[in-house]
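Below: the structure, in structure tokens.
The values are calculated or read from the model by the stated rules, or taken from the named source; none is laboratory data. Computed from a predicted model, the values in this text were never measured in an experiment. In this analysis, Cβ positions are derived from the backbone assuming ideal geometry, glycine residues included, and neighbour counts consider all displayed protein chains. Surface areas here come from the heavy atoms of the whole protein model, side chains and all, with no ligands, DNA or RNA. Shrake-Rupley method; radii C 1.70, N 1.55, O 1.52, S 1.80 Å.
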Amino acid sequence: MNKIKIESKVIDFIQRYGLVSPEEIVVVGVSGGADSVCLLHVLAKWRKELGIKLHIAHLNHQLRGAESEADAKYVSDLAGSLGIPVTINRQDVAAYRAGRNFSVEEAARELRYAFFARVAGEVGANRIAIGHTRDDQVETILMHILRGTGVTGLCGLAPCSPMAYDSQGRARNLEGEESPMPLTPRVIASPDSSGRSNLLVIRPLLDISREETTNYCQEHQLDPRIDSSNRSLSFFRNRIRLQLLPQLRQYNPSVDQALLRLADIAKGDNAFIEQQASGLWDEVARQENNAIYLDRKQIANLPIALQRQLLRTTVTRLAGDTRDIEASHIEAARSLLDKPVGKRISLPHGITCQGGYDEIVIASSDIIGTWQSQLPSCPFPSLSGEFHLKVPGKTVFPGWKVMASIIRERVDEGHYEYQEGARHSPQIAKPVPSVSEESRREIASALSRLAMTKTNDKEDAPRNDREECHFERSEESHITQARLGETIVADFDLHKTGTELFVRQRRAGDRFQPLGMDMLKKLREFMVDAKIPRSWRGRIPIVCSPQQIIWVVGWRMDDKVKVTEASKGILRLEFIKSD
């Protein structure tokens, strides 16, 4: 292929994707190798036609001693011969890497792109041109597959992508990482907490092979530098290029083209998914400062592909890029949709995902802690230990006073009387199986009067006989559960509960049969379904007999101990919060 055709391909690629606009300043990252030198030379030759100005940026990583110094001198001389201004700087990559969980490649890359961003700011540029070639694209796709990627990672490098910023505002690149989206120019907003920037990384050589850039340099007698570290097998990308790809080509000589086709297919699919997710964002997500809240129910009902994309978008907005975010991280976050409330997942960049009842919150760990502290405080006092109840009678333990009353059937059928320990006068008649609506209203009225009646025992009476009452009743006249201010009341079948009762906290493995259900349920699952905050659960009194749980106080009794028409006696328990 002659040099004119290479230039034509590069310019056509630039125009097809709108990578530059007239009157713009473009910073060109030049290492001195064949790819970046070819890119610089083509842009310099066509700068007038494109209507752009160029500025060269070169960073000496100080990793190869005299060789690195020679690279910097070569770039300086080349810039002078082309009449293009240049900024050359040096950074100690080894020192920067010390104390960080980075590879040499990652440390060099982070410093390099931070340098490019700084130069762009100094010269007023909003484009950084990088010499990534078609070979880099193939290697990047393989890197993503080997690390574990989703559809986004299969897209590889984008012709144009935003310069990403981390949570501290430091510039990061998307080289070799999964680009959050192949954006077109002029779409990006100014830098903000989402990590978006009007500074774009453009890759005009993605249609050109490494062999073509080398030939171009030879034809123009540019004599590019050769980086000896490119032959080192200590680097992951080098092992892919020098070992893995030659092996794969033995199985399929066209594996490069196959991977590029895969990337094109993934880009089309990913663009559609992104479009659909973008249209849903305002419905399912809300952002407050540096936290994003996702509607748990709505997202759970979406196709899995959209769930993944919304989670990835969330992380990208918070972290600034998807560096170190792999498919496994997205799947871990997605698993919160099916896990109990309060479960937490840690992601790279100090991000935490936690499931709430109605939302999944994704934010930094300190913001998650603030979010939890804003949940409603538990209305119940703390509870520890085990306390046996006096039946009938009064039992007092820290935070609670429990009144136990026994009602026995009179000889006069259909009426009950209170045995010793009862707080109220026996003024309630049990209806016959078939009752009229009028009778039901009378029963409801009588129950209300009963609960609102003060007794002569001033110590045991509610503090305010005008406090609001809430009753849960079966079709009988007994109280399934009632709330009166600081008091919680419920009636049980005495012969099924017995009198050997005690109160304790929940325990691992607890099960009971909630009222209205015909099978056992784990207490933990019941509390989750009842949307009881995790911080409350250890404070809820659990009333037990030697055989079973009979009441989760304030929520539900066990179906097996409910009062029925066949009940010969009724046990009434009243839990009264005490100071």
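Some notes on this structure:
- Number of the exception - Met143 against (1) modelled with pLDDT of 95 or more; (2) crowded, with 17+ Cβ neighbours inside 10 Å: (1)
- Residue that is most open to solvent (accessible area, probe 1.4 Å), among those in the stretch 92-113 that are closer than 23 Å to Gly124 by Cβ and out of contact with any Gly (no Cβ under 8 Å at 6 or more places or on another chain): Leu111
- Across the stretch 564-579, the number of residues qualifying as part of a loop (DSSP other than H, G, I, E, B), open to solvent by 10 Å² or more (accessible area, probe 1.4 Å) and touching a residue at least 24 places away in the same chain (Cβ under 8 Å) comes to 4.
- Failed item in (1) more than 36 Å from the chain's Cα centre (by Cα); (2) under 19 Å from His388 (Cα atoms); (3) open to solvent by 20 Å² or more (accessible area, probe 1.4 Å), with Ile550 passing the rest: (3)
- Residue in the stretch 20-37 that is open to solvent by 30 Å² or more (accessible area, probe 1.4 Å) and at positive phi present: yes
- From the list Ser373, Ser328, the lone residue that is at pLDDT below 80, open to solvent by 30 Å² or more (accessible area, probe 1.4 Å) and either in contact with a Gly (Cβ under 8 Å, 6 or more places away or on another chain) or among the polar types (S, T, N, Q) (or both) is Ser373.
- The residue of the stretch 287-299 that is most open to solvent (accessible area, probe 1.4 Å), among those that are closer than 23 Å to Lys531 by Cα and under 13 Å from the mean Cα position of the chain (by Cα), is Asp295.
- Arg534 open to solvent by 30 Å² or more (accessible area, probe 1.4 Å) and within 38 Å of the chain's Cα centre (by Cα): yes
- Among the conditions (1) surrounded by fewer than 12 Cβ atoms within 10 Å (Cβ to Cβ); (2) in contact with a strand residue (DSSP E or B) (Cβ under 9 Å, 6 or more places away or on another chain); (3) not in a helix (DSSP H, G or I), the only one that Glu283 does not satisfy is (3).
- Note on the stretch 512-524: among residues that are free of Cβ contacts under 8 Å to residues at least 40 places away in the same chain and of a type outside the set (A, V, I, L, M, F, W, C), the one that is surrounded by the fewest Cβ atoms within 10 Å (Cβ to Cβ) is Lys522.
- Against the list (1) surrounded by fewer than 18 Cβ atoms within 10 Å (Cβ to Cβ); (2) in contact (Cβ under 8 Å) with a residue 40 or more places away in the chain, the condition Gly51 fails is (2).
- Pick from the stretch 264-280, criterion of a type in the set (Gly, Ala, Ser) and within 20 Å of the chain's Cα centre (by Cα), ranking: least open to solvent (accessible area, probe 1.4 Å): Ala277
- Residue pairs whose Cβ atoms lie under 6 Å apart, separated by 6 or more positions or on different chains, with the first residue in the stretch 541-562 and at negative phi and the second open to solvent by less than 10 Å² (accessible area, probe 1.4 Å) and among the hydroxyl-bearing types (Ser, Thr, Tyr), are Ser545/Thr497; Ile550/Thr497; Val561/Thr497.
- Number of the exception - Ala114 against (1) touching a residue at least 60 places away in the same chain (Cβ under 8 Å); (2) closer than 27 Å to Met143 by Cβ: (1)
- Checking each residue in the stretch 334-348 for being more than 21 Å from Arg524 (Cα to Cα) and either surrounded by 19 or more Cβ atoms within 10 Å (Cβ to Cβ) or at pLDDT 85 or above (or both) picks out Arg334, Ser346, Leu347.
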